[in-house]
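Below is one structure, written out as structure tokens, with a few remarks after it.
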Amino acid sequence: MKTVEKTDFRDKISTVDQSGKRLWIYPKMPKGKFTNWRHIVNTILLIILFAGPFLRINGQPVLMLNILERKFIIFGQIFWPQDFYLFGLAMMVGVIFIVLFTVVYGRIFCGWICPQTIFMEGVFRRIEYWIEGDWTAQKKLDKQEWNTEKVWKKGLKHSIFFLISFIISNTFLAYIIGSEELLKIVTEPPTEHLSGFIAILVFTGVFYGVFAFFREQVCTNVCPYGRLQGVLLDKKSIVVAYDYKRGENRGKFRKNENRSTALKGDCVDCSLCVSVCPTGIDIRNGTQLECINCTACIDACDSIMDNVGLEKGLIRYDSEENIAEGKSGFNWNARSIAYTIVLIAITGLLTGLLFLRTDVDATILRTPGMMPQSHEDGRVSNLYNYKIINKTNREITLELESLTGTATLVGKNQITLPAQGTAEGALFIYMEKGEMSGISQPVVLQIFEDGRPLKKVKTKFIGR
Ligand code: SF4
Ligand code: SF4
């Protein structure tokens with residue numbers, strides 16, 4: 001019978017023991033160049049995130065995704081269900097973007113932009129360090145009996161965690177229902193906005209649970225993007241990687257030793273890279289699904305290399321291929337250039353479509369049951385119903401013109417639409433016999449605002 005050889009590789013995630021029990025991670029506080037940069041990026045992104053629902057462009061929020069009322073505002077532009085094709089396209093572009101970006105640049109998104117990492121490592125973890133101290137102090141505190149110190153520190157930490165979760169929950173809701181609606185929920189009695197009030201409490205509970213307890217499990221067990229890494233990354237992808245060619249054979253550092261004559265690599269086996277890792281892995285075992293590219297191990301290893309007088313970058317952003325071939329740094333190759341061009345092109349395409357979107361949406365259909373009418377002057381007319389939607393935030397007045405024949409609105413000369421409003425009515429299209437090319441022919445109507453063409457709408461004309 002074939003037997004399976006025992007290997008040193010683990011067959012379970014790093015935060016679960018052999019019996020399936022959760023292992024709580026106490027990462028050492030990271031310090032260094034990358035950590036400083038990440039704090040700056042985190043701060044900028046957090047300011048944008050919290051200010052987002054309150055910023056206005058032309059009186060509209062910068063971003064509002066009101067799924068309940070199917071009203072979406074992006075960069076002050078109102079999108080309607082009729083613009084759904086743009087959302088479909090945006091989703092496709094999003095998926096292509098994620099795939100191509102990850103293939104070339106690995107999990108840079110996870111480390112620098114993902115809200116989970118930003119809040120977990122940049123906000124909640126830092127508060128934890130501030131209140132409970134670094135990793136060893138946290139371990140000690142968790143092990144000790146419940147005394148005044150523990151009750152005070154844990155109580156303070158969880159109260160702040162809950163308060164921040166409450167703020168995140170409010171912001172999250174403001175992105176869905178808008179800041180004005182949120183202010184009403186917050187300032188008026190809860191009984192008048194019971195569903196909104198319950199939503200805030202539920203979201204608060206979820207965020208608190210995630211950041212206080214579930215933590216890195218979101219990245220390792222729940223996040224679909226994290227799960228996709230195995231199929232998206234290849235040996236050319238840029239990841240946080242350990243240079244095993246340079247680092248092995250690892251061995252403790254002895255003062256004044258010559259590591260090459262001692263047949264040792266540059267890794268001094270201090271385990272600092274493992275101690276700082278918020279997902280509890282040892283990057284020296286290679287790229288692993290838990291690695292969120294947070295750069296903590298880069299900073300930790302660089303500080304050690306500095307201390308022992310060796311070159312920094314034993315752990316760095318690099319590709320597996322570069323490391324295997326003894327190269328270093330990011331090298332542009334045909335693939336990364338091609339993928340980056342495609343990324344720029346599809347992003348440009350979507351941006352272009354967003355800005356070329358028309359201010360109105362119109363449907364013009366022949367009135368059901370109405371036959372074409374012949375007139376004494378020899379012309380034939382068809383009756384139509386129109387429905388026009390004003391997608392802008394201002395009142396607009398429109399005129400209609402048929403490119404073939406003549407269009408006449410019933411009972412008016414112009415159509416006035418209130419901001420974000422709709423107008424419905426009827427119109428005739430008259431056609432000379434000579435203009436008709438058959439029993440049924442397509443006609444195009446042009447919609448103007450102050451003489452400026454806005455949109456063309458196709459419909460059908462039936463002759464006699
Ligand atoms: S291995 Fe390094 S980059 Fe990856 S999660 Fe751990 S500390 Fe962060
Ligand atoms: S921090 Fe650097 S030197 Fe220390 S164990 Fe990790 S790779 Fe080796």
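Observations, loosely collected:
- Per residue of the chain, the DSSP helices (runs of n ≥ 4 H) give a summed -39500 (n - 2.57) that works out to -12000 deg cm²/dmol at 222 nm.
- Normalised by the number of residues in the range 281-440, the average gap of Cα pairs under 8 Å and 6 or more apart makes the relative contact order 15 percent.
- FRET efficiency, SER271 to SER159 (Cβ-Cβ, R0 51 Å, nearest 0.05): 0.90
- Calculated FRET efficiency for the pair LYS252/LEU356, C-beta based, R₀ 45 Å, to 0.05: 0.10
- A Cβ-based charge dipole, computed about the Cα centre of the chain with Lys and Arg at +1 and Asp and Glu at -1, lands at about 1120 debye.
- Calculated FRET efficiency for the pair VAL231/ALA324, C-beta based, R₀ 22 Å, to 0.05: 0.60
- For the range 62-96, the residues whose amide N sits under 15 Å from a probe point set 7 Å from the Cα of ARG394 along the beta carbon direction are 77-78.
- PHE79 sits among other residues whose Cβ lies under 13 Å from its own Cβ, and their net charge, with Lys and Arg +1 and Asp and Glu -1, is 0.
- Relative contact order for the range 390-464, counting Cα pairs under 8 Å that sit 6 or more residues apart, in percent: 33
- Placing a label point 7 Å from the Cα of PHE87 along the Cα-to-Cβ direction, the residues of the range 53-68 with a backbone N closer than 13 Å are 64-68.
- Figure note: ILE67, ILE168 ranked by solvent-accessible area, largest first, 1.4 Å probe, ligands and nucleic acids not counted: ILE67, ILE168.
- Selection from THR191, LEU356, ASN170, by position along the positive dipole direction of the chain (Cβ): ASN170
- The range 1-105 - percent of accessible surface contributed by carbon and sulfur, probe 1.4 Å: 70
- Rounded to the nearest 20 debye, the dipole size of the range 311-434 about its Cα centre is 120 debye, using +1 on the Cβ of Lys and Arg and -1 on the Cβ of Asp and Glu.
- Dipole of the chain, positive end: most advanced residue of GLY88, THR340, GLN420 [Cβ charges, Cα centre]: THR340
- Around LEU100: net Lys/Arg minus Asp/Glu count, Cβ-Cβ under 15 Å: +2
- Separation of alpha-carbon centers, the range 279-309 and the range 332-353, rounded to whole Å: 31
- Accessible surface of the range 132-177, 1.4 Å probe, proportion on carbon and sulfur as whole %: 70
- Relative contact order %, the range 219-373, counting alpha carbon pairs below 8 Å whose residues are six or more apart: 25
- Here the range 193-329 is treated with +1 on each Lys and Arg Cβ and -1 on each Asp and Glu Cβ, and its dipole about the Cα centre works out to around 220 debye.
- Over 30 Å between alpha carbons, listed pairs LYS31/LYS153; LYS21/LYS264; LYS33/LYS143; LYS143/LYS245: LYS21/LYS264; LYS33/LYS143; LYS143/LYS245
- Label-point separation in nm, LYS460 to LEU349, each point 7 Å along Cα→Cβ: 3.2
- Label-point separation, GLN373 to PHE448 (7 Å along Cα→Cβ), nm: 2.5
- 3J(HN,Hα) along the range 338-350, derived from phi through the Karplus expression 6.51 cos²θ - 1.76 cosθ + 1.60 where θ = phi - 60°, amounts to 4, 5, 5, 4, 4, 4, 5, 5, 6, 5, x, 4, 5 Hz, with x in place of Gly and Pro.
- Listed residue (ASN258, ILE47, GLN138) projecting farthest to the positive dipole end of the chain, Cβ model: ASN258
- Range in the chain, longest, excluding exposed chymotrypsin sites (Phe, Trp or Tyr not before Pro) [loop by DSSP; at most 10 other beta-carbon atoms within 10 Å]: 147-331
- Charge tally in the Cβ shell below 13 Å around ILE439, where Lys, Arg are +1 and Asp, Glu are -1, ILE439 excluded: +3
The values are calculated or read from the model by the stated rules, or taken from the named source; none is laboratory data. The structure displayed is predicted, hence computed values, not measured ones. Methodologically, a virtual Cβ is constructed for each residue, glycine included, from the backbone with ideal geometry; neighbour enumeration extends over all protein chains shown. For accessibility, only protein heavy atoms count, side chains too; no ligands or nucleic acids. Shrake-Rupley method; radii C 1.70, N 1.55, O 1.52, S 1.80 Å.
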